[in-house]
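Remarks on the structure that follows.
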Amino acid sequence: MSATLNDYRAETPTWCPGCGDFGVLRAIQRALVDLEIAPHEVLVVSGIGCSGKLSSYIGTYGFHGLHGRTLPVAQAAKLANRNLIVLAVGGDGDGYGIGVGHLVHAIRRNVDITYIVMNNDVYALTVGQSAPTTPRGRITRSAPYGTPEEPVSPLGMALGLGAGFVAQGFAGNVDHLVAIVKAAIRHRGFALVNAFSPCVTFNPEFGYDYLRARLFDVDQDPGYDRHDAMAAMRVLSEKGGLVEGILYEDPAAIPYDEALPQFAKEPLVAQVAPLDDATRQAVLASFGVTS
Amino acid sequence: MATHRHFMSLIKGGHTHYQVRVSSRPVFTAGDRVDILVAFDHGAIEHDAHRLHAGSIVLADQAARPALPAGCPASLVVLDFEALAKKAGSPILANTVALGASGALLGLASEALDDQFVRRFGSKGEEVIAQNRLAYRLGWQSVAGLGLRPPGKPEKPPAAKRLLLHGDEAIAWGAVEAGARLFFAYPITPASEIMQWLAVWLPKLGGAVVQVEDEIAAINGAIGASLAGVRGWTATSGPGLSLMQEGIGIAAMTETPVVIVDAQRAGPATGLPTRPEQSDLNEVLYGSHGDQPRIVMSPATTADSFVVIQAAFNAAEKYQCPVIVLTDLNLALDRQTVDLAAFRFLPIERGEIDTVPGNYGPHKYPRFAVTEGGVSPRPIPGVPGKTFVATGDEHTPEGHITEDPAARVEQMRKRLRKLDGAATLGDEAIWYSGPPGADLVLVGFGGTYGPIAEAQEELVAQGYRVGHAHLRLLRPFPAAELARLLGAPALVVEQNATGQLAGEIRRQTGAGNLRSVLRFDGNPFTAAEIVGEAREVLEA
């Protein structure tokens, strides 16, 4: 029996009315239903911040972990049980600030997980400090004279690192985000989805109307080639990062776990056992014991 | 046989040595005195001259222009290692020449290591094997005719199957026997040897070593793997352990099993990165913010490392909390021969793991149900009808985030009572040997087992009534058991500057009659210095 949206509803969200995270949650729920995946087959690993609460609201297995540490947990869980669909979710502070080191290596390692970053350009749960995505000059509670740093360019960084799937969506366009999340889950390997998720309370400037008026949809551009990483770099540069859609996909990417021949057997979760006698004898021989 | 590797945090240069002690009975340290010293440079003689005695023989390379310090009673034999090595085929063979010279002193035959060279250099081809055999013979011949008397020759021990390994290898092997197939780690002395052993063996077992970007990723990876149902673990040393503290806390809060090996070295900061110390004790007992349950085990010997790591995996799953296995550099890296019979295999016990499908709605399953013992059944992601979120926020029995005071208190108490009266180690928390009513008890943990045991033996031989208590479990602390043993004055032997174990014993048992023997100069304890300190107390 296929799962329904109701199976993907758990606790009642505590987000502010109008929060972009509602749209992201809805998009993930619909994507999973569309892909005919049951909630118990999914592990959602979330970080700290408003977006980190998503794992509580979606009804799947979940781990609401440490700030910035979703990716190590998610990658390891996937290696332990390759039958699980593993999603990591968090905010831009979580993924591009405190946890950005893990993002670099998750891209390099290419474990088959999907990482959805709810990007609102601000630290919201701590009530309005600058984020790594906050534009230079913007006044926030931690930068009353204007944010002094340049913002990170997460998608440009991911492309530069050779990520196999790079996309950007928008909480104000859930239908499109559903399609993006489905493609990200289907992609074999690490998939990054940066989802603009407006904070209506602490960063209304970067809101629905602002984004709707500016986002350029590459998926609607018949001339756009999503298998060309340089095209993705170009369009990001031309549009100042305000694009929407699947920017890049490498269908030939081989995930970490598929590249290791020893993982071909059943998932490791089914293999918690001592050494068999032949292997134990080989170990003993390596320590100098002759049988 | 017991060995000790002395090395510095350098790739080339500095003083380095490898010490080997051979005995017809089990020994746990490389010993205090030097019978044969092979010196490739002058510094090697200077470094160890104080350990030479009248029967000692120094085999030294002519190129080092060797000389014994004034008053040194040893015999000096100068050989031209380099010339002999070149004769055998290459200057790089000088160490094999020295090996042959030592072999002749020990009464080994000139072809005694022929098979070993095949084992060691087989992959490098016939020429390399032949060169090494020749180099060994040339060294052997240069000493065999000199009529030197070897300083001592042990009897052949009774026949038994024996392994040659160090604590890191014993831990790695024990972990795979415990079913652990995923290991997450970042290289660090002296824990890297665990990773390197696993990197060879885990791929053959269907598993993998994931060399992660830092120790934060290592602990979180181990937690993620355990959450998903395998036995996730990591190994590190002090600097890495400091980075793991937040992760240790979320494993305790989310009741996710995880095993962390801390092979201690001298701190703080980078400290003496290749030297032994036991100064992480307070950190493993008290690190990470907030009140939380935790188990800390500390193997005493190489074989015990194998046993304790298995017990650690069982305890982590049984009590659903972090287990730290505390070792130290000497235990981790000094190879010893150990009888196979000393390696105990423990059955895999997975505690309340739950793989039975249920009928619960989304997040309705009481994963954190309040139980008498504090442990609740733990479904593995993938089991239908029992979905839950493990959150680092305080939560209800169903894992829903809450700030309700009653729920907070209930969950905190549930977590903390898991270890009340728990037999976490499964066997003795303290190894005690000694007469009833001893006049002095030597107390230690971890890699000081060897020197303390030898000191005790020496003191008993001198007619003193001395006991030795070695703690294998540090959390939960075996306070009552230790208090019973500490009726007598105690000498607490530990490798740190502040007496961390002595402090913990005072805190836990109220024992007042403690005196500390501390060493934190980067070198291991010798039995002789412990004997000296003990006699001061006994004769006071």
Exercise. Would you be able to say whether some residue in the stretch A:51-60 is assigned to a loop (DSSP other than H, G, I, E, B), within 9 Å of chain B (Cβ to nearest Cβ), among the basic types (K, R) and open to solvent by 10 Å² or more (accessible area, probe 1.4 Å)?
Key: no
Practice problem: Could you list, in sequence order, all residues of the stretch B:273-294 that are of a type in the set (D, E) and surrounded by 23 or more Cβ atoms within 10 Å (Cβ to Cβ)? | Solution: B:E277, B:D280
Practice problem: Report whether or not A:V89 is more than 7 Å from every other protein chain (Cβ to nearest Cβ) and of a type in the set (A, V, I, L, M, F, W, C). | Solution: yes
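Step by step: first the residues of the stretch B:160-171, then only those that are within 12 Å of chain A (Cβ to nearest Cβ) and not basic (K, R), then the one that is most open to solvent (accessible area, probe 1.4 Å). Which residue is that? Before you say what the answer is, go through the steps one by one.
Filtering the stretch B:160-171 down to residues within 12 Å of chain A (Cβ to nearest Cβ) leaves B:160-166, B:169-170.
Among the residues that remain, those that are also not basic (K, R) are: B:160, B:163-166, B:169-170.
Values: B:A160: 51, B:L163: 1, B:L164: 67, B:L165: 0, B:H166: 7, B:E169: 22, B:A170: 0 Å².
For the stretch B:160-171, the residue satisfying everything is B:L164.
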Quiz item: Looking at the stretch A:203-218, is at least one residue part of a loop (DSSP other than H, G, I, E, B), surrounded by fewer than 14 Cβ atoms within 10 Å (Cβ to Cβ) and without any contact (Cβ under 8 Å) to a residue 24 or more places away in the chain?
Solution: no
Self-check item: Spans of strands (runs of 3 or more DSSP E) in the stretch B:172-272 with at least 1 residues among the charged types (D, E, K, R) and either facing chain A (nearest Cβ under 10 Å) or in contact with a helix residue (DSSP H, G or I) (Cβ under 9 Å, 6 or more places away or on another chain) (or both)
Solution: B:258-264
Quiz item: Within the stretch A:141-165, can you find the residues that are among the β-branched types (V, I, T) and out of contact with any Phe, Trp or Tyr (no Cβ under 8 Å at 6 or more places or on another chain)?
Solution: A:T147
Exercise. Name the single residue, out of those in the stretch A:248-275 being open to solvent by 80 Å² or more (accessible area, probe 1.4 Å) and in a helix (DSSP H, G or I), that is modelled with the highest pLDDT.
Key: A:P261
Exercise. Residues being of a type in the set (S, T, Y), surrounded by 24 or more Cβ atoms within 10 Å (Cβ to Cβ) and closer than 20 Å to B:E193 by Cα: count how many of those fall in the stretch B:237-272.
Key: 1
Practice problem: Considering each residue of the stretch B:53-79, count those that are in contact (Cβ under 8 Å) with a residue 24 or more places away in the chain and surrounded by 15 or more Cβ atoms within 10 Å (Cβ to Cβ), and give that number. | Solution: 11
Quiz prompt | Count of residues meeting criterion [open to solvent by 10 Å² or more (accessible area, probe 1.4 Å) and among the small types (G, A, S)] in the stretch B:194-213 | solution = 1
Self-check item: Close pairs from the stretch B:116-134: first touching a residue at least 24 places away in the same chain (Cβ under 8 Å) and more than 18 Å from A:A285 (Cβ to Cβ), partner of a type in the set (V, I, T) and in a helix (DSSP H, G or I), Cβ under 9 Å, at least 6 apart
Solution: B:Q131/B:T96; B:N132/B:T96; B:L134/B:T96
Practice problem: Working carefully through the options B:G238, B:G229, B:G267, B:G290, find the one that is of a type outside the set (A, V, I, L, M, F, W, C) and in contact with a strand residue (DSSP E or B) (Cβ under 7 Å, 6 or more places away or on another chain). | Solution: B:G238
Quiz item: Has the stretch B:28-40 got at least one residue that is more than 25 Å from B:F525 (Cα to Cα) and at pLDDT below 95?
Solution: yes
Practice problem: Can you give me the number of residues within the stretch B:317-366 that are outside the structural domain of B:N282 (by TED's automatic domain parsing), open to solvent by less than 40 Å² (accessible area, probe 1.4 Å) and touching a His at 6+ places or on another chain (Cβ under 9 Å)? | Solution: 1
Practice problem: Scan the stretch A:9-45 residue by residue and report those that are of a type in the set (D, E, K, R) and more than 14 Å from chain B (Cβ to nearest Cβ). | Solution: A:D21, A:R26, A:R30, A:D34, A:E36
Self-check item: Residue among B:A191, B:A218 that alone is closer than 15 Å to B:I324 by Cβ, free of Cβ contacts under 8 Å to residues at least 40 places away in the same chain and buried (at least 24 other Cβ atoms within 10 Å of the Cβ)
Solution: B:A218
Quiz item: How many residues, within the stretch B:91-131, are surrounded by fewer than 18 Cβ atoms within 10 Å (Cβ to Cβ) and not in a helix (DSSP H, G or I)?
Solution: 8
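The values are calculated or read from the model by the stated rules, or taken from the named source; none is laboratory data. For clarity, every value in this text was computed on a predicted model and none was experimentally measured. We place every Cβ from the backbone using ideal geometry, glycine too, and count neighbours over all the protein chains shown. Protein only, heavy atoms only, side chains kept; ligands, DNA and RNA dropped before computing areas. Shrake-Rupley method; radii C 1.70, N 1.55, O 1.52, S 1.80 Å.
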